[in-house]
1. Only Cα pairs within less than 10 Å get springs; with that Gaussian network setup on the chain, which residue of Arg286, Arg338, Arg154 has the largest fluctuation?
2. May I ask you to give the solvent-accessible area per residue for the range 1-103, in square angstrom, as obtained with a 1.4 angstrom probe?
3. What part of the accessible area of the range 1-41, given as a whole %, is carbon or sulfur when the probe is 1.4 angstrom?
4. Between Ala21 and Ala292, what is the spin-label point distance in nm, taking each point 7 Å from the Cα along the Cα→C-beta axis?
5. Most mobile of Ser124, Ser303, Ser331 per a Gaussian network model of the chain (Cα springs, under 10 Å)?
6. Using every alpha carbon pair in the chain, what percent of pairs falls into each 10 Å bin from 0 up to the bin containing the largest distance?
7. Over the range 137-196, what percent of the accessible surface lies on carbon and sulfur atoms, probe 1.4 Å?
8. On a full-extension model of 0.36 nm per residue, what is the gain between Phe159 and Ile356, subtracting their alpha-carbon distance, rounded to one decimal in nm?
Amino acid sequence: MQNERKKFPLISQCIYANTAATGLLSEDLLEWRQEHDLDYLIGGSTMKMKSNKMHSETRTVIGGFFNCPVDNVALVPNFTIGLNLLLEGLDKKEKVLVLDGDYPSLTWPFESRGFETSVVEITSNLEERIYEAIKANNSTVLALSIVQWLDGMRIDLSFLKQLKAEFPELLIIADGTQYLGTTNFDFSNSALDIIGASGYKWLLAGYGNGLLLTKEHAQQRFKLLAKGYGSGRNTIEYEQQRTFCKHLEPGHLDSLSFGSLRFSLEYLQGLGMDTMEAKLDELSERAKIGFAELGLLTDKVVSRKQHGTIFNIVANDAVYNLLLKNNIVCSQRGDGIRLSFHFYNTLEEIDAIIKILKKKN
């Protein structure tokens, strides 16, 4: 993947350790977007009328990428809007379990609608705590991020399968924004009932696009209210055939944004998601060992077997400014500094960050 770095010019100017905030724009995607807008410039409505086909093709690519039936794929501007549309149709009698400190756009929509909500503290034995909380609270919905936005802790997907086997009526809703695009994820064979994601992080698709994948049995738990004429799959003549996902696409869909999502998924597919996962596992292991040796990771992260490529190191403003001074792009999150690595990062870049942190210690 070394040659792929050339397609992301920003990384020639810095060490970009901030994909958890924003994924990079590639030169290839920029070229496609320029051609799209040129077609719009000279084609106007004629070009835009063709976008319905493009949206259909995007759903097909998403379905193939994540192994989800095309009719169960919804195109949404971002995860937050998709989840809010979804929850408008969920019975308020549902009892929801969320994780303490999880991404606000996942937890706030439940809280603002008055769902009875229980909270689990994120610890090294997170899966055990989730299991105990579901039993104790008789939870009917589990809503969680696959990878935590603050420190990269990743839920064990095999645990969710075991959970689903014991509690088959449990509705599992996941935010995959910090997860999708990092591994070869098979939605149909997972325990998840619904997963959504914004495309601007690990999917490298830019802003304004996202997806929701749903399973048909889970759709029966919702009575969706949103309707509109603009998505291209909604027609007055076929109101009775309005499918579940059509309610999640009530308005016009942006061909630039969703074309970018299709382009990026095809690009990642070309790289090979098994190859991608192996590369990210290598980067994650190097970073985890290095940061742990410096005592910069919390015990709950160090003791976990599985981890994403997001790390939150224990450090103050002075360390953050030192990293910025050395052209390392990262973010302050929570009580520390968040560093995140994608396939365009290298082991040498991680070693360089560790070297700087060693000097500070």
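1. In the Gaussian network model the winner is Arg286.
2. Numbers: 5060 Å² over 103 residues.
Heavy-atom SASA per residue in the range 1-103 reads 49 Å².
3. Here it works out to 49 percent.
4. 2.7
5. Ser303
6. 5, 24, 31, 25, 12, 2, 0
7. Values: 850 of 1760 Å².
So the carbon and sulfur contribution to the accessible surface is 48 percent.
8. The Phe159-Ile356 span can extend by a further 67.2 nm.
The values are calculated or read from the model by the stated rules, or taken from the named source; none is laboratory data. The model shown is predicted, which means the values in this text are computed figures rather than measured ones. Don't worry about glycine lacking a Cβ; one is built from the backbone with ideal geometry, like all the others, and counts go over all protein chains shown. Protein only, heavy atoms only, side chains kept; ligands, DNA and RNA dropped before computing areas. Shrake-Rupley method; radii C 1.70, N 1.55, O 1.52, S 1.80 Å.
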